[in-house]
Amino acid sequence: MSTLSRSFGLHKIVKQHYLSLAKGAECQVTYIWINKAGENLLCKTRTLEMEPAGIRDVPEWSAYWPDEKITEVVLVPVRMFRDPFTLDPNKLVLCEVLDGNYLRAQNNQRSQCVKVMEKVKDFQPWFGMEQEYMLLDLDGKPFGWPSLGLPFTADPCTVGINNMLGRDISISHYRACLYAGINICGTNAEAFPTQWEFQVGPCEGIEVGDHVWMARYILHRICEDFGVVASLDATPIEEKNHTSGCHTNFSTKEMRSKGGLQYIEEAIARLSKRHSQHLRVYDPHGGADNMIRLTNQSTTSSFQSFSTATASRKVSVRIPDHVSRSGCGYLEDRRPAANCDPYSVMRALAETCLLRAAEDDDEGKKTVAA
């Protein structure tokens, strides 16, 4: 057993003894924030004298920040969840990262997204995100995979130990998210035997970004207990046909109402004129990840050109078949990568579809997001 994997050999039952020890009214609060790269999460825990009644009862804290200009940042609590690991009354708290002058730190996309959501609140925007991930062993190979290669592929939503691996993790994650208060609405096996997906939403405004980030944190924590790695990489293995995305559903009050298909089609037309701008913010590396992922193979679209259709899963933005038949509903943007920042995706969709309609003929004057 390698040094890296020794922690997974610890007897998990032993931990339960310590978690069952009695304590007073104190509450353990775990602060969670997005790292400088905008891809991963960090956390640390402190004790409060009593259970916080709301987010305003959770004090700010400080944390180390790996930057030449600033080495310490302020953690500002923005949303609170129940802790599915140490249970009630303990909490998980998502935080924004600000510098010492209370300006947003690098890669803090939430504060900008909040401003946009405030501008478009009268549209009542709903978002839903379909987060794909792949389970890997510590050597970077797919979980449970033989060293000689890939013995089989699977169909989405398949069952059977000869078709799917890691269902216990998916089930555990689902229940933990429900306990925490995350608006998780479903889960399913994907096309690769160790690939899974969970869905969050629909949520209005900024909420879906907060819930997706916290669901990611819970996923990583659960995978610690199971001794595997949950990869959100857009192309987690060498076989480029097996990629991971974060398909995003978007609608407004008008789109969801009778005759809403017209507004959906108008929004897609606006998205078609800002294809390259969206791709730059749909992964954390300025589009580099999606350039590899979106090859027009399997169920991905082309990175180079925008496409749309009803029911098809090989397009940039699709109208689901049931939406077309009912004449109202939502659109699905299939371009965001699995490692996208949800706040950047939400902001781009709201700006293009709701705030920039007048600029359709002036493509390129501004970028979708900084």
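Do we find a residue being within 22 Å of the chain's Cα centre (by Cα), crowded, with 20+ Cβ neighbours inside 10 Å and either more than 25 Å from PRO156 (Cα to Cα) or among the aliphatic types (A, V, I, L, M) (or both) anywhere in segment 298-310? For segment 298-310, residues within 22 Å of the chain's Cα centre (by Cα), crowded, with 20+ Cβ neighbours inside 10 Å and either more than 25 Å from PRO156 (Cα to Cα) or among the aliphatic types (A, V, I, L, M) (or both): absent. Is it fair to say THR352 is under 18 Å from ALA288 (Cα atoms), β-branched (Val, Ile, Thr) and open to solvent by less than 20 Å² (accessible area, probe 1.4 Å)? It is false that THR352 is under 18 Å from ALA288 (Cα atoms), β-branched (Val, Ile, Thr) and open to solvent by less than 20 Å² (accessible area, probe 1.4 Å). Which of the residues belonging to segment 39-82 are in contact with a strand residue (DSSP E or B) (Cβ under 6 Å, 6 or more places away or on another chain), polar (S, T, N, Q) and surrounded by 13 or more Cβ atoms within 10 Å (Cβ to Cβ)? Hit for segment 39-82 is THR45, nothing else. Here THR30 fulfils each of the conditions (1) outside any strand (DSSP E or B); (2) surrounded by 11 or more Cβ atoms within 10 Å (Cβ to Cβ) apart from (1). I'm checking my understanding of the structure. Among residues of segment 184-226 that are open to solvent by 20 Å² or more (accessible area, probe 1.4 Å) and assigned to a loop (DSSP other than H, G, I, E, B), which one is farthest from LYS253 (Cα to Cα)? Within segment 184-226, the match that is farthest from LYS253 (Cα to Cα) is ALA191.
If you filter segment 86-128 down to residues that are basic (Lys, Arg) and not in a strand (DSSP E or B), you find that the one that is least open to solvent (accessible area, probe 1.4 Å) is ARG110.
The values are calculated or read from the model by the stated rules, or taken from the named source; none is laboratory data. If you're wondering where the values come from, they're calculated on a predicted model, not measured in any experiment. Please note: Cβ atoms are built from the backbone with ideal geometry, for glycine as well, and neighbour counts cover all protein chains shown. Just so you know, the surface numbers come from the protein's heavy atoms only, side chains and all, with ligands and any DNA or RNA stripped out. Shrake-Rupley method; radii C 1.70, N 1.55, O 1.52, S 1.80 Å.
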